[in-house]
Amino acid sequence: MNTLNDNAIMQKVKAGDLDKLGLLFERYHRQLYGFLFHMTYQREASEDMTQQVFYKMLKYRHTFTGNGEFIHWMYSIARNTLKDSVKSKKQLIKHDDVDDYGDRLAGGVTPQEHLEKKQAKQELYKAMERLSDDHREVLTMSRFQELKYQEIAEILNISEVAVKTRAHRAMQELKNIYTRIER
């Protein structure tokens, strides 16, 4: 069954084979969590929103047309879930460093190196926070999610040139903000 593409699996879910959503969950829950985490920097909220996205996929399965890629539909739901969550909770951004657990298990890192790495990440998170939502979203999708510009353009419903421009401007702004924070 893993040989089915995402659109075919979602079509089966749409037709009533609800267990097939589990395949899509296995394929995409980590990627989706990563996107949501890099947009909010809140571990628990990102976990909750990831679950909400899959619930909404199930609830609104009738809206999946199959004309575009499944992943674009999924990201549209994720973006709306993120917007709804921020509106309803007026959440303050808090940094949960997911990599801390991996660093602790990996060993071989001196306390000084660990502290410097943690401080650099916190500065990057602070810089990312100060970006506009549009800039942070494009950087998250392109740099952390490693989506192609064409895919981002389809998800955001803008041209590929606009995505490239936004990404370039976002990187420039991020560099400026990060440099100010470092000082």
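Adding -39500 (n - 2.57) for every DSSP H run of four residues or longer, then dividing by how many residues the chain holds, sets the calculated 222 nm ellipticity at -23500 deg cm²/dmol.
Compared with the direct C-alpha span, the chain from residue 130 to residue 117 gains 2.7 nm at full extension, assuming 0.36 nm per residue. The residues of the chain expose, per residue, 59 Å² of accessible area to a 1.4 Å probe.
Among complete DSSP H helices in the chain, those whose alpha-carbon atoms stretch at least 27 Å along the helix's long axis and whose mean Kyte-Doolittle hydropathy reaches -0.5 are 70-89. Extension gain for residue 162-residue 65 works out to 32.4 nm (0.36 nm per residue, less the C-alpha to C-alpha distance).
Taking N as the residue count of the chain, its C-alpha radius of gyration divided by 2.2 N^0.38 Å amounts to 1.13. Remark: the chain carries a charge dipole of roughly 500 debye about the Cα centre, counting +1 on each Lys and Arg Cβ and -1 on each Asp and Glu Cβ. Each Lys and Arg adds +1 at its Cβ and each Asp and Glu adds -1 at its Cβ; summed about the Cα centre, the range 144-183 shows a dipole of about 300 debye. Per-residue Karplus couplings for the range 139-148, computed as 6.51 cos²θ - 1.76 cosθ + 1.60 with θ equal to phi - 60°, are listed in order as 5, 4, 5, 7, 8, 8, 8, 6, 7, 6 Hz, Gly and Pro entered as x.
The values are calculated or read from the model by the stated rules, or taken from the named source; none is laboratory data. Worth saying up front: this structure is predicted, and the values here are computed from it rather than measured. Reconstructed Cβ throughout: ideal geometry from the backbone, glycine too, with neighbour counts over all protein chains shown. Note: areas computed on protein heavy atoms with side chains; ligands, DNA, RNA excluded. Shrake-Rupley method; radii C 1.70, N 1.55, O 1.52, S 1.80 Å.
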